[in-house]
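Below: one structure, written as structure tokens.
Every number here is computed from the coordinates shown, using simple stated rules; none is lab data. This is a predicted model, so every value here is computed, not measured. Heads up, the Cβs are rebuilt from the backbone with ideal geometry, glycines too, and the neighbour counts pull from every protein chain shown.
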Amino acid sequence: MSWASNSRNDLTKSLGEFIGTAYFVFFGVGGNVALSNNIIDSDAGVALIAGPLAWGFSLLVNVWLWIQISDGLLNPAITIALMVTRNIGIFRGILYIVAEFLGALLGAYLIDIALPGSEGGATTLAEGTSIFQGLLLEAICTSLLTLSVFILAVEKTAQFTAALGIGWALFISAIAAGPYTGGSLNPARTFGPSIITGDFGTANWIYYAGPILGALLASAFWFIFKKFIKKPRHQDDDADPLSTGKY
């Protein structure tokens, strides 16, 4: 395949990441607002899962939809992890990151128009949560989310149902981190709503540093597993989805 064909392919896939991330943010914020408004008056406890539920299912559906088109990453931190592990190329990875940030911005803008007066989905530290605690929560939860991508999607252990595990990984992570950090786990997911709402809270940088650190931690785990866990004798390198360095 020529360089021009490769570049065209990368640009087309990046368009998929742009549209997919826009959908992800739009339905994540929109679902969160709708669920919270309907639940909060009747059951404040149940309302705590409204955000994780909306974001988890938004990711589940959009990964399932876009995985065959653009890999369905929708997250710059995970894109960086796949670049570090050489599962996607540098050029495509850079295009993906730009597309993901721009897509999140578009999604946040559209939901702001569609639901005027809503909170807009900005992620900020809750009162009483320290910067270190917020950074640690974002890093640990993102490491789980990234591992779900490596194990289920990259290794193809779940085949067509990888999106289920990835969506649920975000759901349980957002339950754990949501009350304290908003449960971003995704620099683009923080970027779009923060820009549109102008709400950057305290130490907005942790929503970029934390997920990237968590994704790199998952990358380190993945390197260890690939190096020291031997494949069955009947499995050769040609059958290994990672042997080609392509996601």
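To make sure I understand, if each residue's beta carbon is the centre and we count other beta carbons within 10 Å, what order do 207, 180 fall in, fewest to most?
180, 207
In nm, to one decimal, how far is the modelled label at residue 199 from the one at residue 69, with both set 7 Å along Cα→Cβ?
3.0
Could you grab the Rg to Rh ratio for the range 3-229? Cα atoms only, Kirkwood for Rh.
On the way: Rg = 16.6 Å, Rh = 17.3 Å.
That ratio equals 0.96.
Sort 10-16, 22-28 by packing, meaning the average of other beta carbons within 10 Å per residue, with the highest value first.
22-28, 10-16
In terms of the Cα gyration tensor, with a ≥ b ≥ c the square roots of its eigenvalues, is the range 120-234 rounded because a/c is under 1.5, prolate because a/b exceeds b/c, or oblate?
Prolate, because a/c is 1.5 or more and a/b exceeds b/c.
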